[in-house]
1. Using a Förster distance of 41 angstrom, determine the FRET efficiency expected from the C-beta separation of Glu344 and Glu272, and round it to 0.05.
2. Farthest toward the dipole's positive end in the stretch 79-150, which of Phe82, Trp131, Thr144, given Cβ charges of +1 (Lys, Arg) and -1 (Asp, Glu) about the Cα centre?
3. In square angstrom, what is the accessible area per residue of the chain with a 1.4 angstrom probe?
4. Among Ile38, Met69, Thr166, whose Cα lies farthest out toward the positive end of the dipole of the chain, if unit charges sit on the beta carbon of Lys, Arg (+1) and Asp, Glu (-1)?
5. Please compute the modelled spin-label separation between Asp92 and Asn50, points set 7 Å along Cα→Cβ, answer in nm with one decimal.
6. Just for the chain, what percent of DSSP beta bridges are antiparallel, to the closest 5?
7. Only Cα pairs under 8 Å and at least 6 apart count here; give the relative contact order of the stretch 1-137 as a rounded whole percent.
8. Please list, in order along the stretch 252-259, the HN-Hα scalar couplings obtained from phi with the Karplus expression 6.51 cos²θ - 1.76 cosθ + 1.60 (θ = phi - 60°), rounded to whole Hz, x for Gly and Pro.
Amino acid sequence: MIDNIKPKEATAIINSLISGVVPKIGVQHITVGRSEEINAVISSLEDVKNGHSLVKFWIGDFGSGKSFMLHLLNTVALKQRFVVSNADFTPDNRLYSNDGKAVALYSAIIDNIAIQTKPEGGALPTLLEKWIELIITKTAEENTISLVDIRNEQYLNLIQSNIMKTINEITEVGSFDFGTVVMRYYEGYITDNEFLRRSALKWLKGEYRSKIEAKQDLGVREVINDLNYYDMLKNFCKLFVNMGYSGFMINLDEAINLYKISTSVMREKNYEKILTMYNDCFQGKVANLFFNFAGTKEVLENERRGLFSYNALKSRLLTNKFETAEIRDFAQPVIRLMPLNHNEIFVLLKKLKAIFDYHYKTDISISDSEIHQFMEELFNKPGASEFLTPREVIRDFLNILNIIRQNPTVDKDQLFGELEISDERPNEVSLDSIEEL
């Protein structure tokens with residue numbers, strides 16, 4: 001039932017799902033009931049490859065699979081030669097701030113950069129070195145110098161001027177400092193100066209707070225901060241496309257943390273930043289950039305604190321009025337994730353059983369009818385229709401498989417009878433009563 005799964009993927013899937021989180025790799029092996037959404041994403045990626053930019057909002061109830069969907073987007077985009085990154089909004093990571101919280105989000109995005117050969121993130125050094133190698137090859141060809149000799153320190157200036165020239169051609173705001181830091185990275189790369197390489201990476205990740213320190217270490221006048229980080233993301237996008245990648249996809253989860261910002265002015269500034277990104281992407285001011293935001297219905301539609309509280313966003317994010325649960329429009333910016341039906345959950349549990357067996361090298365004795373029995377027990381419990389989420393179903397199922405694996409003679413009927421349902425959703429009443437400052 002599961003083809004071409006790698007041991008590392010199986011381990012990530014089982015360990016992550018038992019812990020209640022989405023695995024970073026291998027999500028394609030446990031995808032059910034999202035074929036229309038995936039086809040829409042593939043079509044969107046094609047547009048972005050061709051130079052357009054997009055923003056999508058993935059909206060669903062708690063536990064409906066928003067985070068899962070973002071990880072699935074990653075997998076699809078990596079196969080299409082995109083550079084991708086994931087980051088979560090937190091109380092300390094947001095789009096706009098004046099106390100370092102925006103540059104903290106930027107640092108998380110840059111830290112989590114992934115490519116197909118490094119799907120788990122941390123790919124920035126690999127990308128920089130790959131791009132530098134392209135510049136080295138180009139410089140060697142232009143000056144008829146062998147690829148061995150061009151690496152000698154005597155040609156350092158030649159390479160550096162070509163790095164600067166290329167960056168000036170492809171970037172706009174902050175290109176001088178951006179180019180200078182990449183040159184310093186190359187200098188450290190070619191002379192084996194680890195301090196220089198680390199300092200350059202530290203600057204590119206937005207980890208310098210002091211301009212004086214950055215000037216001492218790298219000879220640049222500016223640092224990446226709350227005000228200019230978005231320009232740097234656009235610079236990175238252009239750099240990746242210059243390297244031959246299709247574009248840059250940035251996935252931002254847990255938008256509930258923007259909704260939770262207690263100061264209405266600060267919350268509005270964050271929504272204004274989303275509006276800027278939205279307008280840039282759809283008006284053609286940036287190319288090959290794809291933003292995805294994930295949040296609950298409340299985050300989108302609440303007129304007092306949600307995205308709809310900002311009128312300019314509300315007018316852009318209203319759902320197509322002709323859409324129904326059966327007739328969907330996946331081309332619009334807002335895509336609502338419908339919960340999985342019982343048949344889809346059954347298929348998912350069968351897949352998980354196969355991956356569990358592969359991971360533990362076992363063959364757990366649990367039949368299709370027993371999986372149905374497990375589902376019936378769970379879905380017929382009081383409160384199931386209101387509180388039960390796919391996350392809880394998956395975790396309970398894997399926990400039962402673990403018990404059976406370690407205690408083969410256990411009574412399954414008894415295990416199924418002990419299933420309980422708890423409300424894992426955040427308390428939306430308390431969210432709505434957050435005091436305005």
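The values are calculated or read from the model by the stated rules, or taken from the named source; none is laboratory data. None of these values were measured; they are calculated from a predicted model. Note: ideal-geometry Cβ built from the backbone for every residue, glycine included; neighbour counts use all protein chains shown. We work out accessible area using only protein heavy atoms, side chains counted, and drop any ligands, DNA or RNA first. Shrake-Rupley method; radii C 1.70, N 1.55, O 1.52, S 1.80 Å.
1. Details: r = 38 Å, r/R0 = 0.94.
With R0 = 41 Å, the Cβ-Cβ based efficiency is 0.60.
2. Phe82
3. Values: 19960 Å² over 437 residues.
So the chain comes to 46 Å² accessible per residue, rounded to a whole number.
4. It is Thr166, whose Cα lies furthest towards the positive end.
5. 4.4 nm
6. Numbers: 3 of 23 bridges.
Here the share of antiparallel DSSP bridges comes out near 15 percent.
7. On the way: 116 pairs, mean separation 22.8, N = 137.
Once normalised by length, the contact order is 17 percent.
8. Residue by residue, the stretch 252-259 yields 10, 9, 6, 5, 4, 6, 7, 4 Hz.
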